[in-house]
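S.K.: Can you keep this structure in mind? I'll have questions shortly.
The values are calculated or read from the model by the stated rules, or taken from the named source; none is laboratory data. Quantities reported herein were computed from a predicted structural model and do not represent experimental measurements. Cβ coordinates were reconstructed from backbone atoms using ideal geometry, including for glycine residues, and neighbour counts include every protein chain displayed. Ligands, DNA and RNA are excluded from the accessible area calculation, which covers all protein heavy atoms including side chains. Shrake-Rupley method; radii C 1.70, N 1.55, O 1.52, S 1.80 Å.
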Amino acid sequence: MKEEFTFLEVGGFGPAITAMRYPTQSTGDSYTDDNGKFILGEKDANLAKRLLSKTETLNNVEVYQGDTHGKFARSIIAWFKVSLTRSVFSEFATYIVGVSPTSSTSTMYTLKKEIKNGDVRKFFHDKTPDSVIDNFLIEVEKLIKEYGDMKDVPIDVLKYCLPEGFIQTRNFAISYQTLRRIYLQRNSHRMPEWHTVCRSIEKLPYFEELINIKED
C-alpha cells in the first residue's frame, strides 16, 4: 500500500480575502464568477503575498511576522484524505494548530478483521520489509494461542506489536496557513512521504499566491 495525501475540497476564500482588507478599509479586486467560482484578484494576491512574507524590525532585529499579518489564511480550509504510515503520522502531530481531524479508519476493527481474513499485508507500506510483516504475524499467532481466539486478544496488546510501516487513513481539515508551514518546512524532508504531501499541496487553488510565498 502506498501513502496518499489527496485534496478533496477547499473553502473560505471569499470571507478570508474580504477580512484581509479590514485593517486598512481598502477595496479588493477579487470576485465570484457566474459559475460561483472565487477568483482571486491581482491586487488582493499582491497584498496577500506581502502580508504572508512580512518582516518587522524589533529591537534592531529583523523578525518574521508573516503568520501574524497573514492570519487571514487561517480561515481558508482545505480537506484531505490522508493515508500515511504510523511513523509519518507521529511527525504530522507537529502541526496541531490549524489541523482538524474529521474521521479515520479504526485500527481496532481493521486489524482484527484483516488479520482474520489474512489480508493485513495490504495495510503496510510497500517499502516495509516482508520479514517485518512476517514477524508481526508470528507474534499475532502467539497472541491468538495465548488468548484462545482473535476476538479475545486485547486491542492495546495488538497495537503494541504494530510496526511503523502500518498505514492508516484519516480525513483532515487544514488551514492554508498551516499548509504553508508544512510546505515550507517539509518540502525537502528526507522522509519521502512528506514529498507526497507537498506534491498534493501544490495542486491546491492559488498555491503560488497563498502558500508558496518565501519568507523575506
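S.K.: Of [x] 71, 48, 25; [y] 48, 43, 35; [z] 50, 39, 26, which is the value of Cα extents along the principal axes in Å derived from the coordinates here?
M.R.: It is the value labelled [x].
S.K.: Using a simple charge model, +1 on the beta-carbon of Lys and Arg, -1 on the beta-carbon of Asp and Glu, nothing else, what dipole does the chain show about its Cα centre, in debye to the nearest 20? Kindly include the intermediate steps, with their values, before the conclusion.
M.R.: Numbers: 29 positive and 30 negative charges, 35 e Å.
Here the chain has a charge dipole of around 160 debye.
S.K.: With +1 on each Lys and Arg Cβ and -1 on each Asp and Glu Cβ, and nothing else charged, work out how big the dipole of the range 3-53 is about its Cα centre, in Debye to the nearest 20.
M.R.: Charge dipole, the range 3-53, about its Cα centre: 400 debye, nearest 20.
S.K.: While we're on this one: State the Cα centre-to-centre distance between the range 22-55 and the range 145-177 in whole Å.
M.R.: Cα centroid of the range 22-55 versus Cα centroid of the range 145-177: 43 Å apart.
S.K.: Let me ask another. Roughly speaking, to the nearest percent, how much of the range 63-216's 1.4 Å accessible area is carbon and sulfur?
M.R.: Numbers: 4150 of 7960 Å².
Roughly 52 percent of what the probe reaches on the range 63-216 is carbon or sulfur.
S.K.: Next question, about the same structure. Leaving out ligands and nucleic acids, note down the accessible area per residue over the chain with a 1.4 angstrom probe, in whole Å². Walk me through the numbers on the way to the answer.
M.R.: Values: 12110 Å² over 216 residues.
That works out to 56 Å² per residue.
S.K.: According to a simple spin-label model (label point 7 Å from Cα along Cα-to-Cβ), what is the distance in nm between Asn171 and Thr55?
M.R.: Spacing of the two 7 Å Cα→Cβ label points: 4.1 nm.
S.K.: Checking a compactness column here: for the range 28-69, what do you get for Rg(Cα) / (2.2 N^0.38 Å), N being the number of residues?
M.R.: Working: Rg = 14.9 Å, N = 42, 2.2 N^0.38 = 9.1 Å.
Rounded to two decimals, the normalised Rg is 1.64.
S.K.: Given q = 0.20, 0.23, 0.30 Å⁻¹, what are the Debye log10 I(q)/I(0) values for the range 1-58, with equal point scatterers placed on the Cα positions and solvent ignored?
M.R.: The computed values of log10 I(q)/I(0) come out as -0.83, -0.98, -1.29.
S.K.: If you don't mind, another one. Roughly how many debye, to the nearest 20, is the charge dipole of the range 94-216 about its Cα centre, given +1 on each Lys and Arg Cβ, -1 on each Asp and Glu Cβ, and no other charges?
M.R.: 180 debye
S.K.: How about the range 1-95: which trypsin sites (Lys or Arg not before Pro) there lie in a loop by DSSP and see at most 16 other Cβ atoms within 10 Å? If you can, show how the numbers build up before the last one.
M.R.: Values: sites: Lys2, Arg21, Lys37, Lys43, Lys49, Arg50, Lys54, Lys71, Arg74, Lys81, Arg86; in loops: Lys2, Arg21, Lys37, Lys54.
Sparse-neighbourhood loop trypsin sites (Lys or Arg not before Pro): Lys2, Arg21, Lys37.
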